Structure formats: C-alpha cells, structure tokens
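In what follows, a structure is listed as structure tokens, so that the remarks can point back to it.
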Amino acid sequence: CIGSNCSGTKNLTRDYYFKELYCSTLEQAELDISKQYNKEATSFQFDFLNDSLDKLPKGLIEAFEQNKPIIFFMNPPYATACNFGNKNKAEEGNDTIINGIMKENGMKRCSDNLYAQFLYRIMMIKEQYNLTDVHICLFSPTLFLTGSSFETFRNVFFKDFAYNVGVQFKASHFADVADSWGISFSIWKNGETAIKNNFNY
C-alpha cells in the first residue's frame, strides 16, 4: 500500500502504476489538475497536519487496521509554518494541530518545520495502529539529521525508524529551484537507527 500524502499534482507517482495507491493533497485545485494521472489511485483532499484520520478513505483505514505493508512516499513542504505559502495563515495563526502536539512533547525548537510535522504525524499513525511494516521514502533537506534544533525530534524518530539508504543532490534538479542548497532522498523502515550520528549517503 503506497500513501503519497502531500502528493500535489502527482509528480512523484504519475509515471508509474501502483496496485494500491492513495494520493492526498491539501488543495482541491491540485487534484483537479492531476486527475488524468494515476487513475488507479484513490485521490482525495486531506489536510495531513490538521484533519482527523476519520476523513481518510475506507480502504486506507482498513490497510492500517490489517497492518498491511505501508510506504509513505512524499515530498513535503520544506518551509516553516510561519512562511508556508497559505494566504490565510496569518489569519489562522501559524500552528497546526501537529505543531501543537509536538510542542507539548518537548519539540518546540523544530515544531514549526512542516516536513518534521509530516514525519511526526506518520509516527503517530504508526503508534495508533501498531503498524509493524512501515517505510518512509522522503525528499527533504538533511537538517533533521544534524541540526541542533531537531535533537529531541531525532531521539523519538530514530527509535521508530531505521535509516536505510539516501542520496543527496542539488535542489536545482527540481524545476524553478536554486542550486545553492541540497535536497536528500532517504528511505526509512520500521526499527531503530543504530548509528545516530553518521548517515551513508
């Protein structure tokens, strides 16, 4: 079962066919633009950082309940909540529900980071359903592996997920992005990361 949360216009999945694919994104317009891609998928609007899991499709809930192998395949926003490009953010406040939970659990220093919030929500889903075969395939900056503000986050994440493999490349490999910083693609699996300060990319 492949879950592409924050799927946007399905750039990560559209050139491939999947037996069981769930694509969610925040904006209905993105679903409309990408409706010709991955027609086999269950595509739906979902706010991964705020919505209740009750809003998920029945098939995905059943996959969780049956402890099916799950892959979260994602390229979440790299921005912090305070500069995320939502024009209503200023009115709503900068907090998501996941942001608040992370702050309550001692992760205030990194809780505004949106990709950290996505990872934390996955940890919550894994715990809620006692999932034993979860993988994360993640495009992100590498800051969460080394940054001092992520220390508390790493203490939790590395106990839930084991680092498998990764590659780093210039951000300009993505369209309309500067090449002055790097992006990583890393793969994680159920288990504990044994070596927590050294990642072979």
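Which whole-number percent gives the relative contact order of the chain, counting Cα pairs below 8 Å spaced six or more residues apart? Rounded, it is 17 percent for the chain. The alpha-carbon of residue 10 sits under 19 angstrom from the alpha-carbons of these lysines, leaving out residues fewer than 8 places away in its chain: 19, 35, 39.
Couplings 3J(HN,Hα) for segment 61-77, derived from phi with the Karplus relation 6.51 cos²θ - 1.76 cosθ + 1.60 (θ = phi - 60°), are 4, 5, 4, 5, 5, 8, 6, 5, x, 10, 10, 8, 10, 8, 10, x, x Hz, where x marks Gly and Pro.
A convex hull fitted to the Cα coordinates of the chain yields 128 cubic angstrom per residue. In the context of the full set of protein chains, segment 95-201 has a per residue accessible area of 51 Å² (1.4 Å probe).
Solvent exposure of segment 1-78, expressed per residue, is 52 Å² of accessible area, with all protein chains present and a 1.4 angstrom probe.
Rounded to the nearest whole Hz, the Karplus-based 3J(HN,Hα) values (6.51 cos²θ - 1.76 cosθ + 1.60, θ = phi - 60°) of segment 191-201 follow the sequence x, 10, 6, 6, 9, 9, 10, 8, 10, 7, 9, with x at glycine and proline.
Multiplying the residue separation of residue 61 and residue 165 by 0.36 nm and removing their Cα-Cα distance gives an extension gain of 34.6 nm. The lysine pair count for segment 106-201, using Cα distances under 25 Å and pairs eight or more places apart or on different chains, is 10. Counting protein heavy atoms only, segment 1-160 has 47 percent of its accessible area on carbon and sulfur, 1.4 angstrom probe.
The values are calculated or read from the model by the stated rules, or taken from the named source; none is laboratory data. Source: prediction; values computed, not measured. Only protein heavy atoms, including side chains, enter the accessible area calculation; ligands, DNA and RNA are left aside. Shrake-Rupley method; radii C 1.70, N 1.55, O 1.52, S 1.80 Å.
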